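Peer 1: Sharing a structure below in structure tokens format, with a few things to ask.
The values are calculated or read from the model by the stated rules, or taken from the named source; none is laboratory data. Here the structure is a predicted model, which means the values were calculated and not measured. Quick reminder, even Gly has a Cβ in these numbers, built from the backbone with ideal geometry, and neighbours come from all protein chains shown.
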Amino acid sequence: VADELELIPSFAVSLSGCNLRCDFCITGQPSWNPAAGSPVHPRETARLARLAVQRGARTIMILGGEPTLHIVTLLELVAELPDDVPLVLKTNAMFTEQARPLLAGLFDVWLPDLKFGNADCARRLAAIPPSAQAWATVTDNLIWMATHHPAATLIVRHLLMPGHVACCWQPIAHWLAHTLPGTQVSLRSGFWPAWHAHRHPELRTPLSHTELAQATRLAHDLHLPLVP
Amino acid sequence: MIPNPTQPDPPNPAPPTRPAPTTTDLMILPDGTIYARNLSPELAALLATLNPADPSMAARAGIHTPPSPSSSPCPNP
């Protein structure tokens, strides 16, 4: 998978189903079915994880879709996984406050994806209703990750979308610089116009070099540490 | 130029009991930029030959030197 260099090679366990409906999702509808794929057998998965580690995997990553949708399975799985290998949770951070105590202390690396910088883009591109208060939910969870897990690593991801540097990345960058200064940031520059991206004219192309340069410059200006 | 093959979200990797994806998608832009998804180590090795100076692709090809423990963000490597 195209993950941060510090985290690869990684043994990845992908739980199907997602609570977002991003028009640019590279897996699209199949990944939204929470019953897709094969049932998770935690002990067998843990055995495979150990095997992968023996073969060179540096981390174990749980992702989705949105993995916290299957929180019971997630907890059962984590209970079986080896505890001497960094465990990574890749999430869109749209989980509820009730989920926090269940997730607390389980992961060595939190890898949340802060996707949208405003409610209008969230609604237009991912069908997130304003009533969902996505920004508040995600940012509250990021603050929780950072403040309640000082020993863990927090890497905030943002997928740079063409035409959305000003409206999405800019407010996110400023929020991070102001609220979580020093947090590692992973700017994802490989936007792929997949699935229903064509519904949005600005999303019909990859990110331009100009926009990438603008986004990177802003990160540097705000002293956001970027990770490759 | 071969950019970091980042994607909106990782391709839903097959569950561990299933085989890995058997196809990789490439998108080549007019300026020569190459994007790849569902990148296999084998194709990463091929792409790495196009730009040996790209550490990202080298890492994905498994031909990199892992960062030292002190540079790892993982607290318990």
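Peer 1: So, in region A:65-91, how many residues would count as being charged (D, E, K, R), more than 17 Å from A:VAL53 (Cα to Cα) and facing another protein chain (nearest Cβ under 10 Å)?
Peer 2: First, pick out the residues of region A:65-91 that are charged (D, E, K, R): A:66, A:76, A:80, A:83-84, A:90.
Now drop any that are not more than 17 Å from A:VAL53 (Cα to Cα), which leaves A:66, A:76, A:90.
The next check asks that each one be facing another protein chain (nearest Cβ under 10 Å); those that pass are A:66, A:90.
Within region A:65-91, residues that are charged (D, E, K, R), more than 17 Å from A:VAL53 (Cα to Cα) and facing another protein chain (nearest Cβ under 10 Å) number 2.
Matching residues to (1) hydroxyl-bearing (Ser, Thr, Tyr); (2) under 16 Å from A:LEU15 (Cα atoms):
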| position | (1), (2) |
| --- | --- |
| A:THR45 | yes, yes |
| A:ARG50 | no, no |
| A:ARG58 | no, no |
| A:GLY64 | no, yes |
| A:LEU74 | no, yes |
| A:LEU106 | no, no |
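Peer 1: If a residue has to be assigned to a helix (DSSP H, G or I) and more than 9 Å from every other protein chain (Cβ to nearest Cβ) to count, how many in region A:198-212 make the cut? Reasoning before the result, please.
Peer 2: First, the residues of region A:198-212 that are assigned to a helix (DSSP H, G or I): A:198-199, A:201-203, A:209-212.
Right, trim to more than 9 Å from every other protein chain (Cβ to nearest Cβ) and you get A:198-199, A:201-203, A:210-211.
The number of residues fulfilling the criteria is 7.
Peer 1: Given the conditions (1) more than 21 Å from the chain's Cα centre (by Cα); (2) closer than 24 Å to A:TRP135 by Cβ; (3) of a type in the set (Val, Ile, Thr), which single one is not true for A:THR205?
Peer 2: Only one criterion in (1) more than 21 Å from the chain's Cα centre (by Cα); (2) closer than 24 Å to A:TRP135 by Cβ; (3) of a type in the set (Val, Ile, Thr) is unmet by A:THR205, namely (2).
Peer 1: Would you mind finding the one in A:PRO181, A:PRO225 that is in contact (Cβ under 8 Å) with a residue 12 or more places away in the chain, within 27 Å of A:GLY105 (Cβ to Cβ), surrounded by fewer than 17 Cβ atoms within 10 Å (Cβ to Cβ) and away from chain B (no Cβ under 12 Å)?
Peer 2: Details: A:PRO225 fails: away from chain B (no Cβ under 12 Å).
Criteria check complete, one pass: A:PRO181.
Peer 1: Does A:ALA35 satisfy being in a loop (DSSP other than H, G, I, E, B), crowded, with 19+ Cβ neighbours inside 10 Å and more than 10 Å from every other protein chain (Cβ to nearest Cβ)?
Peer 2: Working: in a loop (DSSP other than H, G, I, E, B): yes; crowded, with 19+ Cβ neighbours inside 10 Å: no; more than 10 Å from every other protein chain (Cβ to nearest Cβ): yes.
So A:ALA35 fails the test.
Peer 1: Give the residues of region A:160-182 that are part of a loop (DSSP other than H, G, I, E, B) and under 26 Å from A:SER208 (Cβ atoms), sorted by residue number.
Peer 2: We begin by selecting, within region A:160-182, every residue part of a loop (DSSP other than H, G, I, E, B); these are A:160-164, A:180-182.
Of everything in region A:160-182, those that are part of a loop (DSSP other than H, G, I, E, B) and under 26 Å from A:SER208 (Cβ atoms) turn out to be A:LEU160, A:MET161, A:PRO162, A:GLY163, A:HIS164.
Peer 1: Is it the case that region A:113-128 has a residue that's more than 20 Å from A:PHE24 (Cβ to Cβ), surrounded by 17 or more Cβ atoms within 10 Å (Cβ to Cβ) and under 20 Å from the mean Cα position of the chain (by Cα)?
Peer 2: We begin by selecting, within region A:113-128, every residue more than 20 Å from A:PHE24 (Cβ to Cβ); these are none.
Scanning region A:113-128, I find no residue that is more than 20 Å from A:PHE24 (Cβ to Cβ), surrounded by 17 or more Cβ atoms within 10 Å (Cβ to Cβ) and under 20 Å from the mean Cα position of the chain (by Cα), so the answer is no.
Peer 1: Which residues, counting only those in region A:121-134, are in contact (Cβ under 8 Å) with a residue 40 or more places away in the chain and within 21 Å of A:ALA173 (Cβ to Cβ)? Reasoning before the result, please.
Peer 2: So in region A:121-134, the residues in contact (Cβ under 8 Å) with a residue 40 or more places away in the chain come out as A:121, A:124-128, A:134.
A:CYS121, A:ARG124, A:LEU125, A:ALA126, A:ILE128, A:ALA134 - these are the residues of region A:121-134 that are in contact (Cβ under 8 Å) with a residue 40 or more places away in the chain and within 21 Å of A:ALA173 (Cβ to Cβ).
Peer 1: Right, here's the next one. Given A:ALA146, A:ALA151, which one is more than 18 Å from A:GLY64 (Cα to Cα), surrounded by fewer than 19 Cβ atoms within 10 Å (Cβ to Cβ), within 11 Å of chain B (Cβ to nearest Cβ) and of a type in the set (A, V, I, L, M, F, W, C)? Before the answer, list the steps.
Peer 2: Values: A:ALA146 fails: within 11 Å of chain B (Cβ to nearest Cβ).
That would be A:ALA151, the only listed residue that is more than 18 Å from A:GLY64 (Cα to Cα), surrounded by fewer than 19 Cβ atoms within 10 Å (Cβ to Cβ), within 11 Å of chain B (Cβ to nearest Cβ) and of a type in the set (A, V, I, L, M, F, W, C).
Peer 1: Looking at region A:50-61, is at least one residue of a type outside the set (Ser, Thr, Tyr), surrounded by 23 or more Cβ atoms within 10 Å (Cβ to Cβ) and either in contact (Cβ under 8 Å) with a residue 12 or more places away in the chain or away from every other protein chain (no Cβ under 11 Å) (or both)?
Peer 2: Start the filter on region A:50-61 by keeping residues that are of a type outside the set (Ser, Thr, Tyr), which leaves A:50-58, A:60-61.
Then keep just the ones that are surrounded by 23 or more Cβ atoms within 10 Å (Cβ to Cβ); that gives A:60-61.
Next, only the ones that are either in contact (Cβ under 8 Å) with a residue 12 or more places away in the chain or away from every other protein chain (no Cβ under 11 Å) (or both) stay: A:60-61.
Yes, the conditions are met somewhere in region A:50-61.
Peer 1: Is one or more of the residues making up region A:22-29 within 10 Å of another protein chain (Cβ to nearest Cβ), within 20 Å of A:ASP3 (Cβ to Cβ), out of contact with any Cys (no Cβ under 6 Å at 6 or more places or on another chain) and part of a helix (DSSP H, G or I)?
Peer 2: No, every residue in region A:22-29 fails to be within 10 Å of another protein chain (Cβ to nearest Cβ), within 20 Å of A:ASP3 (Cβ to Cβ), out of contact with any Cys (no Cβ under 6 Å at 6 or more places or on another chain) and part of a helix (DSSP H, G or I).
Peer 1: Kindly establish whether A:ALA215 is free of Cβ contacts under 8 Å to residues at least 40 places away in the same chain and either part of a helix (DSSP H, G or I) or crowded, with 22+ Cβ neighbours inside 10 Å (or both). Before the answer, list the steps.
Peer 2: Values: free of Cβ contacts under 8 Å to residues at least 40 places away in the same chain: no; either part of a helix (DSSP H, G or I) or crowded, with 22+ Cβ neighbours inside 10 Å (or both): yes.
No, not satisfied.
Peer 1: A follow-up question, please. Conditions first: (1) out of contact with any strand residue (DSSP E or B) (no Cβ under 8 Å at 6 or more places or on another chain); (2) surrounded by 15 or more Cβ atoms within 10 Å (Cβ to Cβ); (3) modelled with pLDDT of 50 or more. B:THR24 passes all but one, so which condition is the exception?
Peer 2: Of everything listed in (1) out of contact with any strand residue (DSSP E or B) (no Cβ under 8 Å at 6 or more places or on another chain); (2) surrounded by 15 or more Cβ atoms within 10 Å (Cβ to Cβ); (3) modelled with pLDDT of 50 or more, B:THR24 misses just condition (1).
Peer 1: Ok, one more. Taking into account only those residues within region A:87-112 that are part of a loop (DSSP other than H, G, I, E, B) and touching a residue at least 60 places away in the same chain (Cβ under 8 Å), which is surrounded by the fewest Cβ atoms within 10 Å (Cβ to Cβ)?
Peer 2: If we filter region A:87-112 for residues that are part of a loop (DSSP other than H, G, I, E, B), which is where we start, we get A:92-96, A:104-108.
From the residues that got through so far, the ones that are touching a residue at least 60 places away in the same chain (Cβ under 8 Å) too are A:92, A:94.
Values: A:ASN92: 25, A:MET94: 22.
Going through the qualifying residues, I end up with A:MET94.
Peer 1: Let me ask something else about it. Somewhere in region A:143-159, is a residue part of a helix (DSSP H, G or I) and farther than 26 Å from A:HIS223 by Cβ? Steps first, please.
Peer 2: Within region A:143-159, the first condition is being part of a helix (DSSP H, G or I), and the residues that meet it are A:143-148.
Filter once more, so that each one left must be farther than 26 Å from A:HIS223 by Cβ: none.
Scanning region A:143-159 turns up no residue that is part of a helix (DSSP H, G or I) and farther than 26 Å from A:HIS223 by Cβ.
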